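The values are calculated or read from the model by the stated rules, or taken from the named source; none is laboratory data. Everything numeric here is computed off the predicted structure, so don't read it as measured data. All Cβ positions, glycine included, derive from the backbone under ideal geometry; neighbour counts span all protein chains shown. Calculation scope for accessible area: heavy atoms of the full protein, side chains included, ligands and nucleic acids excluded. Shrake-Rupley method; radii C 1.70, N 1.55, O 1.52, S 1.80 Å.
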Amino acid sequence: MRAATVLCVALAVLPLAFCFRPYPNLPVPTPSAYLNDAPAPHVHVIYTGGTIGMKKDENGEYVPCPGYLEEMTEELMFFHEPGMPTFDITEYDPLLDSSNMTPDNWLMIAQDIESNYDDYDGFVVVHGTDTMAYTASALSFLLENLNKTVVVTGSQIPLSEMYNDGVFNLVGSIYVAGWYQIPEVGLWFNSKMYRGNRAQKYSAWSLEAFDTATIDPLVSWGETVMVWDHNILPYTNNALTVPTSISHDVTFMHMYPGITGAHVEAIIGEGTGIKAVVVLAYGTGNGPSDNTSFLNALSSANDRGVVIAIATQTHQGNVDLGTYETGGAMARVGGVGAFSMTPECCLTKLAYLMANHTSEEAKTLFQTVLRGEYYANIDSTHAWRA
């Protein structure tokens, strides 16, 4: 009875999604687009794995369950309501917990989208939440000249539980990917679509697990679907392309009080093979300016051609290596500021760049806006909006 009540309430809410507010410069549908028997858009759902399609095993632990996501989308009426796009599901074998994702998986997803690009109106990547922000960011760089909507989504609670967030995360993603032509990779969670390379996971408990500290959502679904077109990237006339390789030789280094040169050498020293490092520094990109061994280790890595990207440990803020002397020290050993790019964005952008560019080229492109990952020429005083 309780489950039936949940279904009835949800069904009462779903038709509200079909109230559109048209925005200029976006090919959004009007109600007549589906009321007058217009062909429904067709969406490709790439199911990589994640909590959304898991069930508990004999030990009471959630594990991937092949075939379960497709079974549930066939059974649940939400996915077959008037106005919903049609969709096909491609399920990866094996299904991947997102904690097991690697850069090669990011590239594989991008290549799968490329190979099916002309056959679908939009794409949804179903993914685990733990590394979802990394995949969404990586896809934004790997899908060059994207002109269709790509949405990455998942859930905190699996569809196998009566109370879950998976149904409407997936419904919303398919709906927006089909009806709206937004030339970006978005991350959809809790009725909002964020720019993929700006999103971060803020909570392992809340159903509002993701947010962006540096830009408002691209799409919000409340009583109506709201598309904030002033935030959306422009279209391109060029054909979609996907690179053939991605670098694994990029790493993080988290700064902490007492960090030493030996720590730096262990992570990016000669012999590690590391080509780029994202240093998670304090505040606006500051580090220990009086720690000689630390600075010498960074300088030595820079001399060997290692790209040293300086990001911030904070969620809101802009890296400006000229604000404090401790930030200037990072610049003097070869560090390049990440502006307001998230750590996830920094790592995936460098993985994309280092596969096909020299260190000097990568440094320049790292501080160039490629996919809306930060806004250039922003007063650092207001950098939390950048």
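Kindly evaluate residue 64 against the criterion of being crowded, with 20+ Cβ neighbours inside 10 Å, free of Cβ contacts under 8 Å to residues at least 40 places away in the same chain and at negative phi. So residue 64 passes the test. Pairing each residue of the stretch 207-220 that is modelled with pLDDT of 90 or more and among the polar types (S, T, N, Q) with any residue that is part of a strand (DSSP E or B) and open to solvent by 10 Å² or more (accessible area, probe 1.4 Å), provided the two are 6+ apart or on different chains, yields C-beta distances under 8 Å for 220/192; 220/226.
Against the condition modelled with pLDDT of 95 or more and open to solvent by 30 Å² or more (accessible area, probe 1.4 Å), how does residue 135 come out, does it pass? No. For the subset of the stretch 143-162 comprising residues that are farther than 21 Å from residue 97 by Cα and part of a loop (DSSP other than H, G, I, E, B), which member is modelled with the lowest pLDDT? So the residue we want is 162.
Taken as a whole, the structure leaves residue 320 outside the set of residues that are in a loop (DSSP other than H, G, I, E, B), without any contact (Cβ under 8 Å) to a residue 60 or more places away in the chain and farther than 30 Å from residue 183 by Cβ. Scanning the stretch 186-214 for residues that are in contact with a Ser or Thr (Cβ under 6 Å, 6 or more places away or on another chain) and either part of a loop (DSSP other than H, G, I, E, B) or open to solvent by less than 10 Å² (accessible area, probe 1.4 Å) (or both) yields 188, 194, 196, 197, 198, 199, 209, 214.
Note on the stretch 38-136: enclosed strands (runs of 3 or more DSSP E) holding 1 or more residues that are in contact with an Asp or Glu (Cβ under 8 Å, 6 or more places away or on another chain) are 42-47, 62-64, 86-91. Scanning the stretch 258-279 turns up no residue that is modelled with pLDDT under 95 and among the hydroxyl-bearing types (Ser, Thr, Tyr). Residues that are outside any loop (DSSP other than H, G, I, E, B) and of a type in the set (A, V, I, L, M, F, W, C) were ranked within the stretch 234-266; the one that is nearest to residue 108 (Cα to Cα) is 250.
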